[in-house]
Amino acid sequence: AYTILEVIEAVGVQLLKLRNPWGTVQWKGPWGPGSREWKTEVGKRVIASMSEAARVSNVDGGTFWISIQHFAKYFDMIHYCRVFDGYQSQIVRGVWTGPTCGGQAYYPSWRDNCQYAIIVPQPTSLFIVLEQSDPRFSDLEQVSIGFSLYSTNNPTRRLLDPSDKSSKITHTPYGRTEIYCDLKNVPAGSYILVPSTVEPNLQQTYCIRMYSNVALNMAQLNGSASDWTETTVSSRWKEGKDGMLRNLNNPAFLISTTKQSEIFLSLQLPGTTKRMLQFFICDNGTENSRRNVPSRSDGTPLQAPVFISTLMMHLEATGSVTLEAGNWLVIACCGESAKDTPFVLKSYSTQPLTLREVE
């Protein structure tokens, strides 16, 4: 690649000073070394406007001048290296391995990726770079990588819901080289950065570089959502409980909590087969069963749900809700008949709770 050493504009002439990386071959056209343009009246005026250093053209080192018109004609790509003079910098190194190979937000395992809390004390520009190991110096194969940045009210708690549009600041495309984003006027506050590979179970090392106008505090959060209380129940849709959205006899699960709790629920399918998924939560009063939830046959209207997840064609349906102390019923639904299809219901809560299937 040629290096642009200098640019000048004088008496209507725009020139770039380039260096050939091999240090030998030079431009032989207009404004090249020894060209007639330098001997014209315009050329003399251009030389007169230059600094002493700019007048030097290293013939032996492959350095030469070229007009902007010929540069645009013969070069079709420019790479630039930004210099962060006066910026604060932070570097964090990590590895996607084992459970932290969560993949992109399409996969339920995304929330197991490494996450980093960033505290911004005052408004700043923020330049973030995500790199992976160079395949020339590593046994690991290059993979597609990217990252997302979210705002948060609790920088000590891992982010569970990547679909929360209200908190997402930016999401980069995935690529095999270094990935970066340049953010202007980032408000003071707390943020969570989540780097990921495009698919789960792809091992690779990575490096995060951050440049900002002010000193930032960046720390890795605990792994595998350990700051939440996690509860998992496995079940399946079957005959008479086949998952159809209007089938009130679908599998039901009782949540019991003694304190108010923030709860994140995930209804997940195994494998990679997508379905239309949804769940809803009803107040189950003091009952320890689903007896106050009507079946199709009795015609009693269902008590209004306190929460209904978004209907999604996906590997999971998710939702966040704050529940008061008490008993709550979760009904798992599917947008099509899903007889004999297994699924998992996971809850992440700020307070201990019990979660079990009820008849």
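The values are calculated or read from the model by the stated rules, or taken from the named source; none is laboratory data. The structure displayed is predicted, hence computed values, not measured ones. Positions of Cβ are generated from backbone atoms using ideal geometry, with glycine treated the same way; all protein chains shown enter the neighbour counts. Surface accessibility is based on the protein's heavy atoms, side chains included, excluding ligands, DNA and RNA. Shrake-Rupley method; radii C 1.70, N 1.55, O 1.52, S 1.80 Å.
Numerical summary
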{"quantity": "Scope region 95-108; condition part of a strand (DSSP E or B) and open to solvent by less than 20 Å² (accessible area, probe 1.4 Å); matching residues", "calculated": "Trp96"}
{"quantity": "Residue within region 189-199 that is without any contact (Cβ under 8 Å) to a residue 60 or more places away in the chain, crowded, with 17+ Cβ neighbours inside 10 Å and in a strand (DSSP E or B) present", "calculated": "no"}
{"quantity": "Residue pairs meeting the criteria (Cβ under 7 Å; at least 6 apart or on separate chains; first acidic (Asp, Glu), in region 1-16; second surrounded by 15 or more Cβ atoms within 10 Å (Cβ to Cβ))", "calculated": "Glu6/Lys17; Glu6/Ala54"}
{"quantity": "Residue check for Pro195: out of contact with any Gly (no Cβ under 6 Å at 6 or more places or on another chain) and not small (Gly, Ala, Ser)", "calculated": "yes"}
{"quantity": "Out of Ile145, Ile128, sole residue that is farther than 20 Å from Leu202 by Cα, in contact (Cβ under 8 Å) with a residue 60 or more places away in the chain and open to solvent by less than 50 Å² (accessible area, probe 1.4 Å)", "calculated": "Ile128"}
{"quantity": "From the options Thr258, Thr232, residue that is closer than 20 Å to Leu315 by Cα, loosely packed, with under 14 Cβ neighbours inside 10 Å and either modelled with pLDDT of 75 or more or in contact with a Phe, Trp or Tyr (Cβ under 9 Å, 6 or more places away or on another chain) (or both)", "calculated": "Thr232"}
{"quantity": "Some residue of region 142-149 being part of a loop (DSSP other than H, G, I, E, B), within 18 Å of the chain's Cα centre (by Cα), at pLDDT 95 or above and small (Gly, Ala, Ser)", "calculated": "yes"}
{"quantity": "Unmet criterion (only one of (1) touching a His at 6+ places or on another chain (Cβ under 7 Å); (2) surrounded by fewer than 11 Cβ atoms within 10 Å (Cβ to Cβ); (3) of a type outside the set (Lys, Arg)) for Val25", "calculated": "(1)"}
